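The values are calculated or read from the model by the stated rules, or taken from the named source; none is laboratory data. What you are looking at is a predicted structure, and each value in this text was computed from that prediction instead of being measured. Heads up, the Cβs are rebuilt from the backbone with ideal geometry, glycines too, and the neighbour counts pull from every protein chain shown. Calculation scope for accessible area: heavy atoms of the full protein, side chains included, ligands and nucleic acids excluded. Shrake-Rupley method; radii C 1.70, N 1.55, O 1.52, S 1.80 Å.
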Amino acid sequence: MPTAEVNGTEICYQSLGPSDAPACLMVMGLGAQMIIWPDGLVTELLERGFRVVRFDNRDCGLSGATPGRPPDVMALVVAAMAGQPVDAPYTLSDMAADTMGLLDHLGLPAAHVVGASLGGMIAQTIAIEHPHRVRSLTSIMSTTGNVAVGAPEHQALEALLSAPPIERAAAIEHTVTVAKVLAGPHFDEEGARERARESYDRAFRPTGVAFQLAAMAASGDRTEALRQLRCPTAVVHGRLDPLITLSGGEATAEAVPSADLVVLDEMGHDLPEVYWPHIADAVVEVSRRA
């Protein structure tokens, strides 16, 4: 896959669909490579007339790595929950700037921005800090950065923060186990195992999660800045999400003026096949308001 040198790092990306179609920039979540965007969801968007651009965030997949020791994850969580300042090598603003460099590299003045989980936080930051580059915003299973909303259930947080084994087979099974804890009732275990195999073989980089968590923890509450947004916005959230609970999505939709809130009753912190058309429809509907 091609790469672009942007914002002091290398970003690996994929561009699909006609170059003259409206661009849909897809931002993935914590430690998740671009290939975690389900191909079926990407196809839904392509069939609805978008050019889809997806990429690996820094410290993930085939994109650039941050030098030095990763931050202490448990210390980050404790500090963030207590509302204490966090020192991090970079913030969500830097990750948002990465996407701007990628759009520049591709010659795209603006895009419909879609982000999931941590990717939703990055997408929100893009809209806040680079409003002229965002035609519409779709924030999926994400939150505002206010620790009072979207708080994870204990089992989900414990699963997310559990260290993966290094050995291939064990690491793959660990990834599937974590995905099952976070998912809703439509969890596809064989599909999750196949994605885990593909991800491990493409790039196994567990230390990147700590750097990205530090960026999230250091970036604070976006609620007041979200109130200033004027781009068409859709907020999509699973009612059964145990990692970023529904109040995080509700708070996001409440903060952004005229945002549409789409609650998917049987979705957890995952992107199950049954909801791909619903998610694609939400992106289309908000893009029409652009």
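Summary of values
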item: Estimated [θ] at 222 nm from DSSP helical runs (n ≥ 4, -39500 (n - 2.57)) normalised by residues in the chain, nearest 500; result: -12500 deg cm²/dmol
item: Accessible carbon and sulfur surface of the chain relative to its total accessible area, %, 1.4 Å; result: 53 percent
item: Gain on full stretching of the segment that runs from Glu266 to Phe204 - 0.36 nm per residue minus C-alpha separation; result: 19.3 nm
item: Computed over the chain: relative contact order in percent, which uses C-alpha pairs under 8 Å that are six or more apart; result: 23 percent
item: Simple spin-label estimate for Met100 and Met1 in nanometres, 7 Å along Cα-Cβ; result: 2.3 nm
item: Relative compactness, the stretch 19-128, computed as alpha-carbon Rg over 2.2 N^0.38 Å; result: 1.17
item: Placed amide H near Asp260: partners under 5 Å, 5+ positions off or other chain; result: Thr233, Ala234, Val235
item: Span from the the stretch 147-171 Cα centroid across to the the stretch 262-283 one, whole angstrom; result: 22 Å
item: Sites Thr43 and Ala75 - FRET efficiency at Förster radius 45 Å, r taken between beta-carbons, to 0.05; result: 0.65
item: The stretch 109-135 versus the stretch 188-209: alpha-carbon centroid distance in Å; result: 25 Å
item: Förster radius 45 Å - calculated FRET efficiency between Ala21 and Glu173, Cβ distance, rounded to 0.05; result: 0.70
item: Taking the stretch 192-290 and dividing mean pair separation by its residue count, relative contact order in percent (alpha carbons under 8 Å, at least six apart); result: 27 percent
item: For the stretch 172-181, 3J(HN,Hα) per residue [Karplus equation, 6.51 cos²θ - 1.76 cosθ + 1.60, θ = phi - 60°, Hz, x = Gly/Pro]; result: 5, 5, 4, 4, 5, 4, 4, 4, 5, 5
item: Distance between modelled label sites at Arg239 and Glu10, nm, 7 Å Cα→Cβ extension; result: 4.7 nm
item: By average C-beta atoms within 10 angstrom, highest first, the peptides 261-269, 140-148; result: 140-148, 261-269
item: For the chain, accessible area per residue (1.4 Å probe, heavy atoms of protein chains only), Å²; result: 42 Å²
item: Selection from Leu46, Gly150, Met95, by position along the positive dipole direction of the stretch 1-158 (Cβ); result: Leu46
item: Antiparallel bridges, percent of DSSP beta bridges restricted to the chain (to nearest 5); result: 25 percent
